[in-house]
Amino acid sequence: MMNADLKRKIRKLKQFEAAVRAQNNMGDDISLVWDKFFDLRETGKNTAIYGISKLSTMSKDEYKAVIEEYFARVYYEVYIFSGIIDAPVYDTILLDKLGLPPVADEAVVKKRFRELAKEHHPDKGGDAGKFIELMNVYRELCNSVFIR
C-alpha cells in the first residue's frame with residue numbers, strides 16, 4: 001500500500017473515533033486511542049505503537065489485526081465511559097508489555113512486576129536498560145487504571 005493511501009485510511013480512523021466519541025458525549029478531555037496507536041510522521045521518532053513505516057511493511061492480515069485491535073480499544077473505552085464495564089481495568093497495551101492478559105487484576109500485575117524486577121535488576125546481573133523500561137511500564141500501568 002502506498003504511504004499516501006495508507007495515511008489517508010489511518011486519518012479516516014481518527015475521524016471515525018471522533019464521531020463515536022461525539023455520539024456518546026465523551027467530550028474532548030479524554031485522549032484519543034488513535035494517538036496511542038498511530039503516528040504518521042516519517043521522522044522515525046514514532047511515539048505510538050504503529051508508525052507509518054511499520055504499517056507500510058505489514059501484510060494485509062497484520063494490518064487487519066491492527067485495525068481490529070484499534071476498533072476493539074475504541075469501543076472498550078466507550079463502554080468504560082458509559083459505565084457498561086464497572087470493574088477496575090488496566091491499559092491492555094501496557095499489560096501486554098508485561099506479558100499479562102487483558103483481564104489481569106492488581107495482584108497479578110504486582111506479582112508479575114516483582115518477578116520481572118528480580119530478573120532484570122542490575123544488582124542481580126540483569127540489564128539496567130530493561131529494568132528501567134520495566135519500571136516505566138509499571139509506573140505508567142499504575143497510573144493507567146481506566147476505572148478507579
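The table for this structure:
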read-out	value
Residue satisfying all of: in the stretch 105-148; farther than 18 Å from Lys36 by Cβ and of a type in the set (Val, Ile, Thr); modelled with the highest pLDDT among these	Ile132
Qualifying residue in the stretch 24-34 (condition: more than 21 Å from Arg139 (Cβ to Cβ), charged (D, E, K, R) and in contact (Cβ under 8 Å) with a residue 60 or more places away in the chain)	no
Check on Val78, of a type in the set (Val, Ile, Thr), more than 12 Å from the chain's Cα centre (by Cα) and not assigned by TED's automatic domain parsing to the domain that holds Ala48	no
Subset of the stretch 21-54 (residues that are at pLDDT below 90 and in a helix (DSSP H, G or I))	Arg21, Ala22, Gln23, Val33, Asp35, Lys36, Phe37, Ile52, Ser53, Lys54
Given (1) surrounded by 15 or more Cβ atoms within 10 Å (Cβ to Cβ); (2) touching a Ser or Thr at 6+ places or on another chain (Cβ under 9 Å); (3) at pLDDT below 80, index of the condition Leu6 fails	(3)
Qualifying position, being of a type outside the set (S, T, N, Q), free of Cβ contacts under 8 Å to residues at least 60 places away in the same chain and over 20 Å from Val20 (Cα atoms), among Glu62, Glu69	Glu62
Filter pass, Val103 being among the β-branched types (Val, Ile, Thr), on the phi < 0 side of the Ramachandran plot and either in a helix (DSSP H, G or I) or surrounded by 15 or more Cβ atoms within 10 Å (Cβ to Cβ) (or both)	no
Residue list for the stretch 138-148, filter: closer than 21 Å to Val74 by Cβ and either touching a Cys at 6+ places or on another chain (Cβ under 6 Å) or not in a loop (DSSP other than H, G, I, E, B) (or both)	Glu140, Leu141
Options Leu95, Leu40: the member that is buried (at least 17 other Cβ atoms within 10 Å of the Cβ), out of contact with any strand residue (DSSP E or B) (no Cβ under 7 Å at 6 or more places or on another chain) and either within 28 Å of Phe113 (Cα to Cα) or in the same structural domain as Ile132 (by TED's automatic domain parsing) (or both)	Leu95
Tally of residues being surrounded by 13 or more Cβ atoms within 10 Å (Cβ to Cβ), assigned to a helix (DSSP H, G or I) and over 14 Å from the mean Cα position of the chain (by Cα) across the stretch 112-137	11
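The values are calculated or read from the model by the stated rules, or taken from the named source; none is laboratory data. On a predicted model such as this, the values are computed, not experimentally measured, just so you know. All Cβ positions, glycine included, derive from the backbone under ideal geometry; neighbour counts span all protein chains shown.
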